[in-house]
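K.L.:
First the structure, which I've put down as structure tokens, then a few questions once you've had a look.
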Amino acid sequence: MPTYPIASYTKSARLFALYQSLPRSETDAVSLTELMQNYGNDPDNYTNERKNLENDLIGLNQVFNDIFYSDALIRVPAWGKNISGKMARFYIESSFSIDVINEQTVFFWEMLDKYTANYLPLSFKQEITDKLTQLRRQDKDKFHQSRLGQWQDHLITLSSIVQAPTLDSEVIGSIHQALLQSRQLQICYHNKWEGQASQRVVYPKGLIFIDNMIYLTGFNPVNDHVDDDVLLEEHRNFAVNRITEVVVINKPIPDWVGRDIFTLDSLQKLGKLEFGKNIEINLVLKVQKYACQHLYERPLAIDQQITIIDDTWNQVSATVANTTRLQDWLVSMSQLSVVIEPLELKTVILERLESGMQLYNRN
């Protein structure tokens, strides 16, 4: 709040001080009388100062409209409506900000909006969209005249085949709090193969984004041990959309959770962040030549090698993790590729394809 009465400032300073003093929600909206407590304290000049306050509120509203293209300063009853016999109350829309906008900021939000459209839940996507709307509204003319303002006309996102699941914003907020404060979590988790949710305590480590799913990764409560492998046995991943309730426990997570072996990068290299055996294998595929083209553009691994067999087939070899996602991709390739090595993986893919054929043959 201002140190001196706002009425003693210059006009521009008064408007900025008013902006700082006004509440950010309708429930906290204040009247002229309440604002006067900080605006002016000269009892001999109260009437004039109150009139100046009214004019400054009108002026601040005009600034928001002219510069930021925003109706952020809200009066109840609304601006322009007769308030005779009523007590007007004022507040600033909570989402409004006078942050400086630059092309880098706009570019970041534009790319995030387009790139994450098929991967983030609708609630998260809406927050990004709202932020973009706010940015454009604050500097509308300048934005639309810039190269980035024209760039948005050349971007489009196509819908994902399978949409992202619905997430509870309170659950996400509690997970976020626990991770930043290194606190334990009590979660109510509903396994998809069980009828009822179970309650458990977790030492949270981080969040994993896989396609359009988000997982909480962490550890079951266990005492410290000299053997890291014993602790790794207590590592777990939880689909966030199946966490129905979360309570942040006011207890720090044990120091051992912060060891180098348990960083997210290390857990990924150990194959703990995906489903499946998650062990590295030397994958060898026989891939139809035209279907192999996208592997030149998006290789399976940095050591991928492609050799020509004949006019129809290429051979692809790469060191990859044997995950469920890899198996799903190989099944999706169906008649376009054949697993040559390892034989165990070849057997798994063949069984899945044969199982699928049986389903189709029954109908």
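K.L.:
Once both labels are modelled 7 Å past Cα along the beta-carbon direction, what's the ASP260-LEU207 spacing in nm?
P.N.:
2.9
K.L.:
To continue, here is another question. To the nearest 0.05, how large is the calculated FRET efficiency for TYR360 and ILE279 if R₀ is 25 Å and r is the Cβ-Cβ distance?
P.N.:
The formula returns an efficiency of 0.20 here.
K.L.:
Of LYS192/LYS269; LYS51/LYS131; LYS192/LYS251, which sit over 31 Å apart, Cα to Cα?
P.N.:
On the way: LYS192/LYS269 27 Å; LYS51/LYS131 36 Å; LYS192/LYS251 29 Å.
Where the Cα-Cα span goes over 31 Å, the pairs concerned are LYS51/LYS131.
K.L.:
Also, I was wondering about something else. Considering only protein heavy atoms and a probe of 1.4 Å, how much of the accessible area of the stretch 149-286 is carbon and sulfur, as a whole percent? Before the final figure, lay out each step's value.
P.N.:
On the way: 4020 of 8280 Å².
Carbon and sulfur together cover 49 percent of it.
K.L.:
What FRET efficiency, computed as 1/(1 + (r/R0)^6) with R0 = 30 Å and r the Cβ-Cβ distance, is obtained for TRP193 and HIS225, rounded to the nearest 0.05? Present the calculation step by step, with values, prior to reporting the outcome.
P.N.:
Details: r = 30 Å, r/R0 = 0.99.
FRET efficiency, TRP193 to HIS225: 0.50.
K.L.:
Same structure, new question: Do me a favour and compute the ellipsoid semi-axes for the stretch 160-312 from its Cα gyration tensor, root of five times each eigenvalue, largest one first, whole Å.
P.N.:
Those come to 36, 21, 13 Å.
K.L.:
Quick one: accessible area per residue over the stretch 216-326, 1.4 Å probe, rounded to a whole number of Å²? Display every interim value, and only then the final one.
P.N.:
Details: 6570 Å² over 111 residues.
In whole numbers, the stretch 216-326 has 59 Å² accessible per residue.
K.L.:
If you take all C-alpha pairs in the stretch 181-232, what percent of them are over 12 Å apart?
P.N.:
Numbers: 970 of 1326 pairs.
Percentage above 12 Å: 73.
The values are calculated or read from the model by the stated rules, or taken from the named source; none is laboratory data. Small disclaimer: the values here were computed from a predicted structure and weren't measured. Glycine gets a Cβ as well: all are built from the backbone with ideal geometry, and neighbour counts include every protein chain shown. Note: accessible area is taken over every heavy atom of the protein model, side chains too, but ligands, DNA and RNA are not part of it. Shrake-Rupley method; radii C 1.70, N 1.55, O 1.52, S 1.80 Å.
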